[in-house]
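Structure, as structure tokens:
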Amino acid sequence: MARQCINLNYNWYFCEQFDDKHIKDYLNTSSFEKVDLPHNAVEVPYHYFDEKKIQGEFTYKKEIFIEESYQGKILSLIFEGVSVTAHLFINDEFVMTHKGAYTPFTACINEFVQYGATNMITVVVDSHENVFIPPFGGLVDYLVYSGIYREVQLEIKEPSFIETFFLRSYHPLQSNSIHIDATLSTDEGVLQITVLDQKIEKIKTQMSIQSKDMKCKIDVMDKVLWELDQPYLYEVKLQLFQNNILMDEVISSFGFREIKTDDQGIILNGKRRKLRGLNRHQSYPYVGYAMPKSAQEKDAVILKNDLGVQIVRTSHYPPSKHFIQKCDEIGLLVMEEIPGWQTIGNAEWQELTVKNTEDMILRDRNHPSIIMWGVRINESADNHDLYVQTNAIAHRLDDSRPTAGVRNIAHSEFLEDIYTYNDFSFSGKNRPLAKKNTITKKKHPYIISEYNGHMFPCKRFDVEEWRIEHALRHLKVINVMQKPKNGIGGAIGWCLFDYQTHQEFGSGDRICYHGVLDFFRHPKLASYAYSSQQDEHVVLEASSLLQAGDYPASNLENVIIFTNCEYVKLYKNNDWIGDYYPDRKHYQYLNHPPIIINDFIGNLLEKQEHFTKRDSRMTKKAINDAKKFGTRLPFLSKLRFLYLMMKYHLTYEQGLDLFYKYTVGTHQPIFRIDGYQKNEKAASITMGVSQNFSYHVELESLVLRPQETYDVTKITIKKTDEWGRLLVYAFEDVMVQVEGAIDLIGPNTVPLIGGIGSFWIKSNTQKGLGKIEINLPNQIIIETVEVKS
């Protein structure tokens, strides 16, 4: 019988504490509640909480029936992720301890179980921040949360099985070969290898097993490369036979792709790439790290499809296997790194770091999306002996990828293949990125692994000027990075989402507002600095709602349009103002520079006031000076106003009305911006003084499909004006109730922050319909989702 995997994610018993009687009286679950995995041991408020309450000891239990027929087989429990320390018991016997929140571990339980009987798994989870376990030992700018937050399986194998296997391609531009290394538990039998192309068998080969370490290659004719815009995947199946009986089978996706580096950066499949990316933390509101497959996949989709980035760094630890697999499927490059943040601990701590490096690579080395291993603790000091070990392990386990090491110290010891550096030198007025030769003198690949972040935190509901500066800082870094032949191979911004953190960091409410999206995955203005650089879908976003009162002295000088359109047309009350084009003077290296609109009058003075062209230009200058200087007008501007009032016989009140008409807008103008591609209107946005407000509810999915565990989807509530623009200064609470086949994640009071709020629902053990009731002011909205097998 081939390997069998049984998911163990439903119907766990959970207790918010640990007591010795949980082991001695292991069948007693009277003080426990039922939960499903992934599970966070402590529900964490959105903000303003005591992070010490996340730390504690918790008990998880699950009954499993071990078949009599399993005798003679190898039984293993596989835990994908437990935070932070897991003590495993079967019935009342101790099995093992695993330290560390981010790497999977396997426990062989043959000698502990009773066959033909129900057995009790007990996991004691200790989430204290143990200084002997990475990333702890010093300050850490993120939370590690608590609980069994990833999936669990029972694996049943024959004594003859495939222990590990590694798939890779060397020089795939010239070669058609998949190189396969397989480690077996036996040196007898036949190893069969099958390559599947879109589920159709393409080639099959067999070989006699001569040793436990098998190396072979198989050629795939007319292969298709794995590319960013066409991430073509094959499946490779390995089967172990003895006496014509199938003993074991493993399968993995595989992509033909080549990674090379030089002093200018990364070359993917023979094409030089300037990599534009973002860092990602894997945390979510209320549940910390505990989200299932669909939520993990959605984050990858946001990065690739919504924001158009090419690479993500899994800061600062290995992510869910589902996230990596989705990156394979959609063509998103990955820099994966070991757990840690600045601190290097004692010898025990360093041994765990070496083990984390090994576990990370063994789990994920068959993924084509991963192009480099981060084998240095983020922003740590040099440690020659430790990093010699981590680099050596990476090269021994995977000779097909370069290593990288994230530092924030210029000219630090370089042991890796790629010099990755956190560049926080940009303060807004100076050069956005340091020159490569000021950070490292050596001619090797160089990538910026973080920028911006804490240098300019920004909330979605900050004033417009602040949000614009936040977006422009990201755009300016991308622009400099993309300059040809500057030695910078890419830049990975800090960061994708806002995230919860310790009291020493963030804005005092335990949130770091460093993301280009907020914690609920709502876009900030800075997100359009990224999405506007891609060509897969049209992007058109204005930096302002054109409310001059949001600015000091009502002086709104210009509006920045983040777009991949070729040009835009501006209309005021349906009167054409002008056409505006990308600012290639200041952003010459961007794919799509922003468009700056600095004239909101156009020829309206000629059309509506019957001014001459010369007088129109003079009037615009005078109005702009009045906005800038107020009553302290320069003498020349005063002369202009005097000339215009005399020539056109304007009274003081008429002159004042003219000023307001073409600045603040006492006539409540409506502006429309149309974006054009290939001279066809591709997108449009409308803005004006809001008179009517409405609520809108959006569901990411109408169907939940629980499989190995529960499924989730996000529901978003928006408060908008009559043109669909968010009311960015609207704050209120909304009550939510659910029933049927779904449960609510988090509290039933959902905050609308800056005109938008979201919550997640998850499937429960029922099938059929789930009802969502959203109680809004003077309105109740009811939505339904369907839960299917």
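Looking only at the range 458-474, which residues are assigned to a helix (DSSP H, G or I), among the hydrophobic types (A, V, I, L, M, F, W, C) and under 16 Å from GLY515 (Cβ atoms)?
If the condition is that a residue be assigned to a helix (DSSP H, G or I), among the hydrophobic types (A, V, I, L, M, F, W, C) and under 16 Å from GLY515 (Cβ atoms), then TRP466, ALA471 are the ones that fit.
Give me a count of the residues in the range 522-550 that are in a helix (DSSP H, G or I) and surrounded by fewer than 15 Cβ atoms within 10 Å (Cβ to Cβ).
So the answer is 1.
Just need a number here: residues in the range 185-200 that are of a type in the set (Lys, Arg) and crowded, with 16+ Cβ neighbours inside 10 Å.
So the count comes out to 0.
Taking interchain pairs and intrachain pairs at least six residues apart, which have beta carbon atoms under 9 angstrom, with the first residue in the range 116-128 and more than 13 Å from GLU16 (Cβ to Cβ) and in a loop (DSSP other than H, G, I, E, B) and the second open to solvent by less than 10 Å² (accessible area, probe 1.4 Å) and among the aliphatic types (A, V, I, L, M)?
Listed by first residue and then by second, the contacts come to GLY116/ILE66; HIS128/VAL84.
Applying the selection to the range 747-763, what residues are open to solvent by less than 20 Å² (accessible area, probe 1.4 Å), part of a loop (DSSP other than H, G, I, E, B) and either touching a strand residue (DSSP E or B) at 6+ places or on another chain (Cβ under 6 Å) or of a type in the set (A, V, I, L, M) (or both)?
The one that is open to solvent by less than 20 Å² (accessible area, probe 1.4 Å), part of a loop (DSSP other than H, G, I, E, B) and either touching a strand residue (DSSP E or B) at 6+ places or on another chain (Cβ under 6 Å) or of a type in the set (A, V, I, L, M) (or both): GLY755.
From GLU464, GLU450, GLU416, grab the single residue that is in contact with an Asp or Glu (Cβ under 9 Å, 6 or more places away or on another chain), over 30 Å from LEU545 (Cα atoms) and surrounded by 16 or more Cβ atoms within 10 Å (Cβ to Cβ).
Only one candidate qualifies: GLU450.
Restricting attention to the range 317-345, and to residues there that are assigned to a loop (DSSP other than H, G, I, E, B) and aliphatic (A, V, I, L, M), which single residue is farthest from SER449 (Cα to Cα)?
If we take residues in the range 317-345 being assigned to a loop (DSSP other than H, G, I, E, B) and aliphatic (A, V, I, L, M), then ILE344 is farthest from SER449 (Cα to Cα).
Need pairs with beta-carbon distance below 8 Å; first residue under 18 Å from GLY578 (Cβ atoms) and without any contact (Cβ under 8 Å) to a residue 60 or more places away in the chain and within the range 606-632, second among the β-branched types (Val, Ile, Thr) and open to solvent by 40 Å² or more (accessible area, probe 1.4 Å); sequence gap 6+ or separate chains.
Correct list of pairs: GLU606/THR612.
Filter the range 134-184 for residues that are open to solvent by 40 Å² or more (accessible area, probe 1.4 Å), under 28 Å from ILE203 (Cα atoms) and hydrophobic (A, V, I, L, M, F, W, C) and give the result.
The one that is open to solvent by 40 Å² or more (accessible area, probe 1.4 Å), under 28 Å from ILE203 (Cα atoms) and hydrophobic (A, V, I, L, M, F, W, C): LEU173.
So VAL131 ticks every box in (1) within 30 Å of PHE14 (Cα to Cα); (2) in a loop (DSSP other than H, G, I, E, B); (3) open to solvent by less than 50 Å² (accessible area, probe 1.4 Å) but one. Which box is left unticked?
Condition not satisfied by VAL131: (3).
Going through LEU362, LEU332, LEU352, LEU386 one at a time, which residue ends up being open to solvent by less than 10 Å² (accessible area, probe 1.4 Å), under 18 Å from THR103 (Cβ atoms) and of a type outside the set (Asp, Glu)?
Being open to solvent by less than 10 Å² (accessible area, probe 1.4 Å), under 18 Å from THR103 (Cβ atoms) and of a type outside the set (Asp, Glu) holds for just one of LEU362, LEU332, LEU352, LEU386, which is LEU386.
I need the strands (runs of 3 or more DSSP E) fully contained in the range 269-315, keeping only those with at least 3 residues that are touching a residue at least 60 places away in the same chain (Cβ under 8 Å) and open to solvent by less than 40 Å² (accessible area, probe 1.4 Å).
Because the criterion is at least 3 residues that are touching a residue at least 60 places away in the same chain (Cβ under 8 Å) and open to solvent by less than 40 Å² (accessible area, probe 1.4 Å), the strands (runs of 3 or more DSSP E) in the range 269-315 that meet it are 275-279, 311-313.
Would you tally the residues in the range 37-57 being open to solvent by less than 80 Å² (accessible area, probe 1.4 Å), within 24 Å of the chain's Cα centre (by Cα) and not aromatic (Phe, Trp, Tyr)?
Count: 11.
When TYR60 is evaluated against the numbered criteria (1) under 30 Å from TYR499 (Cα atoms); (2) at pLDDT 95 or above; (3) surrounded by fewer than 15 Cβ atoms within 10 Å (Cβ to Cβ); (4) of a type in the set (Ser, Thr, Tyr), which criterion, by number, is the only one it fails?
(3)
Hey, which of the strands (runs of 3 or more DSSP E) in the range 551-632, taking only ones fully inside, have at least 3 residues that are open to solvent by less than 40 Å² (accessible area, probe 1.4 Å)?
Of the strands (runs of 3 or more DSSP E) lying wholly inside the range 551-632, those with at least 3 residues that are open to solvent by less than 40 Å² (accessible area, probe 1.4 Å) span 559-563, 567-572, 575-580.
Scan (1) open to solvent by less than 50 Å² (accessible area, probe 1.4 Å); (2) within 30 Å of PRO594 (Cβ to Cβ); (3) touching a helix residue (DSSP H, G or I) at 6+ places or on another chain (Cβ under 9 Å) for the single condition GLU700 breaks and write down its number.
(1)
The values are calculated or read from the model by the stated rules, or taken from the named source; none is laboratory data. In this text the structure is predicted, and so the values were computed from the model without any measurement. Neighbour counts run over all protein chains shown; Cβ positions are idealised from the backbone, glycine included. Surface accessibility is based on the protein's heavy atoms, side chains included, excluding ligands, DNA and RNA. Shrake-Rupley method; radii C 1.70, N 1.55, O 1.52, S 1.80 Å.
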